[in-house]
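*Asks:* A single structure is presented below for examination.
Laboratory data are not the source of any read-out in this text; all were calculated from the coordinates shown. Quick caveat, the model's predicted, so the values are computed rather than measured. Heads up, the Cβs are rebuilt from the backbone with ideal geometry, glycines too, and the neighbour counts pull from every protein chain shown.
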Amino acid sequence: MDEERRKFIRVDTPEMAANCRVLGADNPGEYKFTVWPVKNMSLGGLGVNSEEKMSKESLAYLNIDFDEFKETISVIAKVMWCRSRKMEYDLGLSFSWWPKQIHKKLLENFVEDNVLSKNYEGVGKIRIVKIKEDGEIAEDENEK
């Protein structure tokens, strides 16, 4: 995917995994349990590896352990794309619904802390944004 099309900066997460219950778009009403290694995440979604091909629009109920917060966050995400890579698949998921808003806030804190701790020279101006309850970007008072 073109980096220019991304809405959010992604943070690499090589040590994370998502325990998921996947509801496939091809088999409505059927779901299965799996674990996906999480490659990266942003405020809008995450990238994972899967041993199986997933249909676009499939839904996944994810539980992701955040060791630094001693918390497991839960979120429902939708498969936006699936690409074959050697003997596995890369998936791009978009967050769709947060059962607990505190989990969304924990993810925001995690991404913000990791973006600020990295050196992002050469990628242009970086803007940390807050997402409102309706999914829109909150206006930054400092940019007026």
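*Asks:* Could you calculate the FRET efficiency of Glu52 with Ser96 from 1/(1 + (r/R0)^6), where r is the beta carbon distance between them and R0 is 25 Å, rounded to 0.05? Could you put the intermediate results ahead of the total?
*Replies:* Working: r = 20 Å, r/R0 = 0.81.
FRET efficiency, Glu52 to Ser96: 0.80.
*Asks:* Express in nm, to one decimal, how much length is gained between Phe66 and Thr34 on full extension, taking 0.36 nm for each residue of separation and deducting their alpha carbon distance.
*Replies:* Working: separation 32, 0.36 × 32 = 11.52 nm, distance 1.81 nm.
Full-extension gain reported as 9.7 nm.
*Asks:* Next up: Can you give the local net charge around Lys78? Use residues other than it whose beta-carbon is closer than 13 angstrom to its beta-carbon, Lys and Arg +1, Asp and Glu -1. Don't jump to the answer; show the numbers that get you there.
*Replies:* Numbers: positive: Lys56; negative: Glu57.
Its environment carries a net charge of 0.
*Asks:* Once phi is turned into θ = phi - 60°, what whole-Hz ³J(HN,Hα) does the Karplus curve with 6.51, -1.76 and 1.60 give for every residue of segment 26-41, x standing for Gly and Pro?
*Replies:* Whole-Hz 3J(HN,Hα) from phi for segment 26-41: 7, 10, x, x, 9, 9, 9, 9, 7, 10, 10, x, 8, 7, 7, 8.
*Asks:* Follow-up question, since we're still on this one. Compute the signed sum of charges (Lys and Arg +1, Asp and Glu -1) over the other residues within less than 13 Å, Cβ to Cβ, of Glu88.
*Replies:* Numbers: positive: Lys39, Lys53, Arg83, Arg85, Lys86; negative: Glu51, Glu52, Asp90.
Taking every other residue near Glu88 into account, the sum is +2.
*Asks:* Residue by residue through segment 74-91, which ³J(HN,Hα) values in whole Hz follow from phi under the Karplus form 6.51 cos²θ - 1.76 cosθ + 1.60 (θ = phi - 60°), with glycine and proline marked x?
*Replies:* Per-residue couplings from phi come out as 10, 7, 9, 10, 10, 6, 9, 7, 9, 10, 6, 8, 6, 9, 8, 10, 9, 10 Hz.
*Asks:* List the residues whose amide H sits under 5 Å from the amide H of Ser96, counting only those 5 or more places along or on another chain, with H placed 1.01 Å from N in the peptide plane.
*Replies:* Excluding prolines and chain starts, which carry no amide H, the hits are Ile76, Ala77, Lys78.
*Asks:* Excluding Val38 itself, what net charge comes from residues whose Cβ is under 13 Å from its Cβ, given Lys and Arg +1 and Asp and Glu -1?
*Replies:* Charge balance in the 13 Å sphere: -3.
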